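J.: The structure's right below; bear with me while I get my questions together.
The values are calculated or read from the model by the stated rules, or taken from the named source; none is laboratory data. Nothing here was measured: the structure is a model prediction, and the numbers come from that model. All Cβ positions, even for glycine, are placed from backbone atoms using ideal geometry, and neighbour counts span all protein chains on display.
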Amino acid sequence: MPSPQPAAARIAGYRPSSASPQAAAFARAVVQQAAPATPARAKSLLWAAAKLADFAIAAGLDPVPEACLHPSVIERFTAGAPGLSGPARRTLRANLRFIARRAVPALDPVTAPLPRERSKAPYSQAEIAACLALADAQPTLARRMRATGLIRADLRQVRGSDVTCRSGGVVVQVRGRVPRVVPVLSRYQDLLLASADFAGPHLIAGGSGPARREVTTPLLCSLAGGTDLPRLDTSRLRASWLRDCAERIGLATFMHAAGITCSQRLGDLIAALEPPGEAAAVALLGGTR
């Protein structure tokens with residue numbers, strides 16, 4: 001590990017012409033408490049602390065750690081510091097937060113981890129086949145048709161007339177919270193078309209309105225096969241569709257080659273791209289009939 005002595009010497013000799021004497025004194029004091037391991041690290045922390053202190057003094061604050069290193073002051077300074085790129089601002093904020101944790105730890109309470117929603121595990125092909133077998137075993141034609149066409153909660157508004165053959169495949173017109181056209185995977189097209197034909201202009205899942213949750217709850221319970229096949233989870237059905245489409249378009253190969261692991265970055269990349277036409281989407285996502 002590098003000796004702290006050169007860093008301490010850099011801190012003690014810090015007298016920049018670009019910062020006020022008060023700001024330089026503040027920087028020396030708080031960076032000394034931060035105890036950087038190398039002269040280079042000390043230099044970057046000193047610059048950040050001095051800039052922050054000059055900003056705080058101009059705003060009428062006393063150049064003391066409790067005031068200048070308050071999280072709200074750091075955020076306001078880094079957000080408005082002129083002439084800095086995005087990465088430079090993030091580095092500046094990270095350095096100031098590092099100093100604050102060492103100099104005024106009381107201002108940095110322990111952050112409790114928040115739960116992060118993860119994708120549900122997709123169904124295996126065997127599990128999907130078992131669910132379809134249970135749907136086919138329902139005691140009445142109506143229950144069999146509704147179970148075969150069962151879809152996620154945000155698609156409760158889909159009627160039989162919303163399922164159509166076009167663009168070389170079968171598509172569903174979704175009228176829920178995110179209106180869109182969704183291609184149906186080829187292996188489910190005949191089942192869904194039969195269900196849609198039975199429903200006609202009515203809701204595929206049954207009932208008089210999409211808000212009637214008690215309609216789908218008994219239907220979901222009926223598609224359970226004991227401990228080996230618990231009650232159907234429509235979130236897992238959606239995950240299964242996403243998995244199948246991602247595999248078809250080579251998403252895993254692309255992300256691995258690009259070194260991308262975060263969906264946020266994918267969203268940034270495609271923000272300016274226009275999706276293909278309906279026929280191209282049907283072919284790409286495995287909906288060709």
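J.: If residue 29 meets every condition in (1) assigned to a loop (DSSP other than H, G, I, E, B); (2) modelled with pLDDT of 95 or more apart from one, which number is that one?
T.: (1)
J.: Could you tell me how many of the residues in region 246-287 are polar (S, T, N, Q) and either at pLDDT 90 or above or on the phi > 0 side of the Ramachandran plot (or both)? Full working, then the answer.
T.: If we filter region 246-287 for residues that are polar (S, T, N, Q), which is where we start, we get 253, 261, 263-264.
Next, from what is left, pick out any that are either at pLDDT 90 or above or on the phi > 0 side of the Ramachandran plot (or both): 253.
Selection size over region 246-287: 1.
J.: Still on this structure, please answer the following. Could you list, in sequence order, all residues of region 27-59 that are among the hydrophobic types (A, V, I, L, M, F, W, C) and under 13 Å from residue 7 (Cβ atoms)?
T.: Initially, region 27-59 is screened for residues among the hydrophobic types (A, V, I, L, M, F, W, C), giving 27, 29-31, 34-35, 37, 40, 42, 45-50, 52-53, 55-59.
Within region 27-59, 31, 34, 35, 37, 40, 42, 45, 46 meet the criteria.
J.: Would you point out the residue of region 162-205, among those that are hydrophobic (A, V, I, L, M, F, W, C) and touching a residue at least 60 places away in the same chain (Cβ under 8 Å), that is surrounded by the fewest Cβ atoms within 10 Å (Cβ to Cβ)?
T.: Restricting attention to region 162-205, the residues satisfying the condition of being hydrophobic (A, V, I, L, M, F, W, C) are 163, 165, 170-172, 174, 178, 181-182, 184-185, 191-194, 196, 198-199, 203-205.
Adding the requirement that they be touching a residue at least 60 places away in the same chain (Cβ under 8 Å) leaves 165, 170-171, 181, 184-185.
Details: 165: 12, 170: 24, 171: 23, 181: 15, 184: 24, 185: 19.
If we take residues in region 162-205 being hydrophobic (A, V, I, L, M, F, W, C) and touching a residue at least 60 places away in the same chain (Cβ under 8 Å), then 165 is surrounded by the fewest Cβ atoms within 10 Å (Cβ to Cβ).
J.: Follow-up question, since we're still on this one. Working only within region 252-276, note down all residues that are over 14 Å from the mean Cα position of the chain (by Cα) and of a type in the set (D, E, K, R).
T.: 274
J.: Here is a follow-up. Criterion first (in a helix (DSSP H, G or I) and at pLDDT 80 or above) does residue 133 satisfy it?
T.: Values: in a helix (DSSP H, G or I): yes; at pLDDT 80 or above: yes.
The answer is yes for residue 133.
J.: Moving to a separate point now. Regarding residue 40, is this residue surrounded by fewer than 16 Cβ atoms within 10 Å (Cβ to Cβ) and within 19 Å of residue 14 (Cα to Cα)? So that I can check it myself, show each step before the final result.
T.: Details: surrounded by fewer than 16 Cβ atoms within 10 Å (Cβ to Cβ): yes; within 19 Å of residue 14 (Cα to Cα): yes.
Yes; evaluated as a whole, the condition is true for this residue.
J.: In region 32-58, how many are assigned to a helix (DSSP H, G or I) and either aromatic (Phe, Trp, Tyr) or farther than 16 Å from residue 78 by Cβ (or both)? Walk me through how you get there before you give the answer.
T.: Of the residues in region 32-58, the ones assigned to a helix (DSSP H, G or I) are 32-34, 39-58.
Remaining after also requiring either aromatic (Phe, Trp, Tyr) or farther than 16 Å from residue 78 by Cβ (or both): 32-34, 39-43, 46-47, 55, 57.
Counting residues in region 32-58 that are assigned to a helix (DSSP H, G or I) and either aromatic (Phe, Trp, Tyr) or farther than 16 Å from residue 78 by Cβ (or both) gives 12.
J.: Considering 119, 72, which residue is polar (S, T, N, Q) and within 30 Å of residue 234 (Cβ to Cβ)?
T.: The unique qualifying residue is 119.
J.: Among the numbered criteria (1) touching a Leu at 6+ places or on another chain (Cβ under 7 Å); (2) modelled with pLDDT under 80; (3) not small (Gly, Ala, Ser), which single criterion is violated by residue 184?
T.: Status for residue 184: all satisfied but (2).
J.: Any idea which residue in region 161-175 is farthest from residue 284 (Cα to Cα), counting only those that are at pLDDT 90 or above and not in a strand (DSSP E or B)?
T.: 161
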